[in-house]
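Everything below concerns the one structure shown next.
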Amino acid sequence: MNGEARRYIILFGAQGSGKGTQARLLQDHFGIPQVATGDLFRYNLKEETELGRLAKAYMERGELVPDEVTNAMVQDRLSRTDAQGGAILDGYPRNLNQARALDDMLAEWGARVTQAIYIEVSEAELLRRLTGRRVCRECQATYHVVFNPPREEGVCDRCGGPLYQRDDDKDEVAIRRRLEIYMQETLPVIEYYRRRGVLTTIDGEAPIDDVNRAIVAAIVDRQGP
Ligand code: ADP
Ligand code: AMP
């Protein structure tokens, strides 16, 4: 496919801002896969792969997994057949080093980041969302016990899998550490894309469907339906 026709959309926002929730809706809307580095690491952890063993300690502390490991994992994922039309990146890039690695990777394929979306949410709301978050063990779909409950408690609407609470969402120290790293390392990446003129900021405190409509409108506005 022509590199320019591909969509590489990055979702930015602090942990709990709704990136995963929105990435899944966008994946259905645009027919390109969600590539969530956190989900990929958790999958490797569950399967006890070498990559999972390597990432484990960093994830438990709420720290970033080293860039080399993360960049290689993303390159591998974006090279697969289902991502030839592009991808919705969720949780990557998370620092400037990763942003530059992504640019180089895409440039080699004759492509580029077509749009960056910044989902803005206040810290008080982030804490409410993270502590109530539940995730499907099978398909990684995300719910909230109050704001977005599943039809049947503890069971995924999409695939019937069991819901669980992430260890790093149970631990307030890990939550604060993740938000701290986000402020230090990820905010400069958002600025990097703002300067490039590809960033749109969205109010992430609106209901899920409204946030989705605003993101779709921003993407269609820039690159067509
Ligand atoms: P992220 O991927 O950015 O960490 P998630 O998509 O997992 O965030 O969302 C965090 C929590 O907030 C989940 O429990 C989700 O159901 C809930 N949530 C997501 N978007 C909204 C919204 N617009 N309003 C209320 N709750 C939301
Ligand atoms: P998330 O699901 O996005 O909240 O990510 C969970 C954890 O996975 C993070 O706290 C990090 O330890 C790790 N992780 C996810 N994405 C990245 C990334 N782009 N770079 C480094 N570590 C990451």
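Quick one: Debye curve from the alpha-carbon atoms of the stretch 75-178 only, equal weights, vacuum; give me log10 I(q)/I(0) at q = 0.16 Å⁻¹ to two decimals.
Scattering profile of the stretch 75-178, log10 relative to I(0): -0.94.
Return one whole number: the accessible area per residue of the stretch 96-182 in Å², for a 1.4 Å probe.
For the stretch 96-182, the solvent-accessible area averages 52 Å² per residue.
Quickly rank 11-17, 172-178, 126-132 as a protection proxy: mean count of other C-beta atoms within 10 Å, highest first.
Going by the mean number of other Cβ atoms within 10 Å, highest first, we get 11-17, 126-132, 172-178.
Treating only the Cβ atoms of Lys and Arg (+1) and Asp and Glu (-1) as charged, compute the dipole magnitude of the stretch 110-187 about its Cα centre; round to the nearest 20 debye. Kindly include the intermediate steps, with their values, before the conclusion.
Values: 13 positive and 14 negative charges, 36 e Å.
Computed charge dipole of the stretch 110-187: roughly 180 debye.
Can you tell me the dipole magnitude for the chain around its Cα centre, using point charges on the Cβ only (Lys, Arg +1; Asp, Glu -1), in Debye to the nearest 20? Present the calculation step by step, with values, prior to reporting the outcome.
Values: 31 positive and 36 negative charges, 36 e Å.
Result for the chain is approximately 180 debye, rounded to the nearest 20.
For the chain, what are Rg and Dmax over the alpha carbons, in angstrom?
Both quantities, over Cα of the chain: 16.6, 46 Å.
Report residue 144's accessible area, 1.4 Å probe, all protein chains in place, as a number in Å² to the nearest 10.
20
For q = 0.10, 0.19, 0.22 Å⁻¹, what log10 I(q)/I(0) does the stretch 123-225 give under the Debye formula with an equal point scatterer on each alpha carbon and no solvent?
-0.39, -1.14, -1.19
Rank 212, 162, 188 by how far each Cα sits towards the positive end of the charge dipole of the stretch 162-214 (+1 on Lys, Arg Cβ; -1 on Asp, Glu Cβ) and give me just the farthest.
Of the options given, the answer is 188.
The values are calculated or read from the model by the stated rules, or taken from the named source; none is laboratory data. If you're wondering where the values come from, they're calculated on a predicted model, not measured in any experiment. No Cβ is skipped: glycine too gets one built from the backbone with ideal geometry, and neighbour counts run over all protein chains shown. All accessible areas refer to the heavy atoms of the entire protein, side chains included, with ligands and DNA or RNA removed. Shrake-Rupley method; radii C 1.70, N 1.55, O 1.52, S 1.80 Å.
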